[in-house]
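Worksheet: one structure, shown below.
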Amino acid sequence: MRALPCLLLPFLLQGPLPAQTPPGTYGQPPDAALTRAKALLTKVPLVDGHNDLPWEIRESKTAPMDVEAYDLRKPTPDETDLARLKAGRVSAQFWSVYVPGELGSGFAKVQLEQLDIARRMIARYPEALLFATRSSDIAKARKAGKVASFIGMEGGHVIENSLGALRMYYDLGARYMTLTHNVTLDWADAALGERKHGGLTPFGKEVVREMNRLGMMVDISHVSPEVMRDVLDTSEAPVIFSHSCARALVDHPRNVPDAILARMARNGGVVMVTFIPPFVNRASKAWYDGLEAATKGLKDDTAKQAEAAYRDAHPQPRATTQDVADHIDHVAKVAGKDHVGIACDFAGMQGPVGLEDASTYPNLFAELMRRGWTDEDLTKLAGGNMIRTFAAAEKVSERLRKERKPSLAQVSGIR
């Protein structure tokens, strides 16, 4: 989650809405496609690009930052626990170590705390999770019956304009970095931030090159289209969108324009389609836009009252599994089936009907099977495309580490 403008108001989205399951969708008896989907996902790796569980642990209302109290061996208050990961046939998960760009300062401290939470969480469940840093770890984890657990950083503000900090985050396990979150940086424009640079600055391009050298995947979810363009022009390794959808279907600034999707085949990377309702469903986007407008500039109790009044007057629409499948179809049509993946972005927000939690991935694959996707296509979508992209980034890193030393670039130039 963490991508909606209205999430700058922490009181919003405080709990799930009552279930509104339409007839004939989620909750109905299994059909042949669902049975086939479960069988396929038992055989092939399912890699999810983005889950905000470490932030949910940090923000727990009962025991903030307490990894032991937020017990994944039991049903959790949010969408993810060990039983649901197993039911969803998840083979590998990139755990997002999100830090709000709106903090204004102290980014590195919070980032280190988030890395600590994620690594303690992974270590707490050795029977189910395997700390992973290489693409080859996915096969190792599957062989051991565990979920390969990677770390992805969400927002380049956490490096505080320091490539030395970037390198240290890599050493601590971060294997991708989303270049921006919602706030424009000194070196890159955010999709929801000020258009300050018209893309990447020279230092921003050096960040991309240093990530290539390290083997840290460059994630261009959350950035402006101009930054997307500059990254594709600069990166020597395939890049990722760790959690984005198609802008042609829902005109949200966080979604990817077709002109960028069309370049992904040449780059060799992957667009991981997310489940966030306002990204995948037009009515849901309009509802959230209205909610933001109704609460704009308000604080505390006044804002809560305005939110409650808006909810009473405007029943919240539900996105569906079919909406998510539409975006996957569109990305596959424009970028190609070799360049599409999935990323739940679960973070305590009510998901689409049929994709409510980490147990529900087979529902999405069943829907795509009904649309004519073959087992070969779905194997690529499930994890094949992401694994290929990750391995290619590692290969580029092996070459670049031999060719050049760690960069000394700074925002103000080369030291």
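Of the set (1) modelled with pLDDT of 95 or more; (2) more than 17 Å from the chain's Cα centre (by Cα), all apply to Leu298 but (1).
Residues in the range 394-415 that are surrounded by 13 or more Cβ atoms within 10 Å (Cβ to Cβ) and of a type in the set (S, T, N, Q): Ser397, Ser407, Gln410.
Residue-level analysis places Ala83 among those that are outside any strand (DSSP E or B), under 15 Å from Pro362 (Cβ atoms), of a type in the set (Gly, Ala, Ser) and over 20 Å from the mean Cα position of the chain (by Cα).
Within the range 124-165, the residues that satisfy the criterion of being outside any strand (DSSP E or B) and among the hydroxyl-bearing types (Ser, Thr, Tyr) are Tyr125, Thr133, Ser135, Ser136, Ser162.
Residue by residue, here is whether (1) within 19 Å of the chain's Cα centre (by Cα); (2) surrounded by fewer than 20 Cβ atoms within 10 Å (Cβ to Cβ) holds:
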{"residue": "Gly145", "(1), (2)": "no, yes"}
{"residue": "Gly155", "(1), (2)": "yes, no"}
{"residue": "Leu172", "(1), (2)": "no, yes"}
{"residue": "Met177", "(1), (2)": "yes, no"}
{"residue": "Thr180", "(1), (2)": "yes, no"}
{"residue": "Trp187", "(1), (2)": "no, no"}
{"residue": "Ala190", "(1), (2)": "yes, no"}
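Per the listing Ala391, Ala382, the residue uniquely in the same structural domain as Thr76 (by TED's automatic domain parsing) and buried (at least 21 other Cβ atoms within 10 Å of the Cβ) is Ala382. Could you go through the range 360-370 and let me know if any residue there is of a type in the set (Ser, Thr, Tyr), touching a helix residue (DSSP H, G or I) at 6+ places or on another chain (Cβ under 8 Å) and assigned to a helix (DSSP H, G or I). Scanning the range 360-370 turns up at least one residue that is of a type in the set (Ser, Thr, Tyr), touching a helix residue (DSSP H, G or I) at 6+ places or on another chain (Cβ under 8 Å) and assigned to a helix (DSSP H, G or I). Among the residues here, Gly106 qualifies as under 23 Å from Asn182 (Cα atoms) and either crowded, with 20+ Cβ neighbours inside 10 Å or out of contact with any Lys or Arg (no Cβ under 7 Å at 6 or more places or on another chain) (or both). The lone criterion from (1) part of a loop (DSSP other than H, G, I, E, B); (2) within 15 Å of the chain's Cα centre (by Cα) left unmet by Ser242 is number (1).
Go through the residues of the range 114-135 one by one and say whether even a single one is surrounded by fewer than 18 Cβ atoms within 10 Å (Cβ to Cβ), under 22 Å from Leu46 (Cα atoms) and touching a residue at least 60 places away in the same chain (Cβ under 8 Å). Yes; the residues of the range 114-135 include at least one that is surrounded by fewer than 18 Cβ atoms within 10 Å (Cβ to Cβ), under 22 Å from Leu46 (Cα atoms) and touching a residue at least 60 places away in the same chain (Cβ under 8 Å).
For the range 160-169, does any single residue satisfy the condition of being in contact with a Ser or Thr (Cβ under 8 Å, 6 or more places away or on another chain), at pLDDT 95 or above and surrounded by fewer than 24 Cβ atoms within 10 Å (Cβ to Cβ)? Yes - at least one qualifying residue is present in the range 160-169. A single entry from Arg247, Arg209, Arg254 fulfils the requirement of being in the same structural domain as Ala358 (by TED's automatic domain parsing) and without any contact (Cβ under 8 Å) to a residue 12 or more places away in the chain: Arg247. Taking the criterion of being more than 14 Å from Asn363 (Cβ to Cβ), of a type in the set (Lys, Arg) and assigned to a helix (DSSP H, G or I), the residues of the range 29-61 that qualify are Lys43, Arg58. Filtering Trp95, Trp55 for residues that are crowded, with 16+ Cβ neighbours inside 10 Å, closer than 26 Å to Met168 by Cβ and out of contact with any Phe, Trp or Tyr (no Cβ under 6 Å at 6 or more places or on another chain) leaves a single hit, Trp95.
The values are calculated or read from the model by the stated rules, or taken from the named source; none is laboratory data. Just so it is clear, the structure is predicted and the values come from calculations on it, not from any experiment. Positions of Cβ are backbone-derived with ideal geometry, glycine not excepted, and every protein chain shown enters the neighbour counts.
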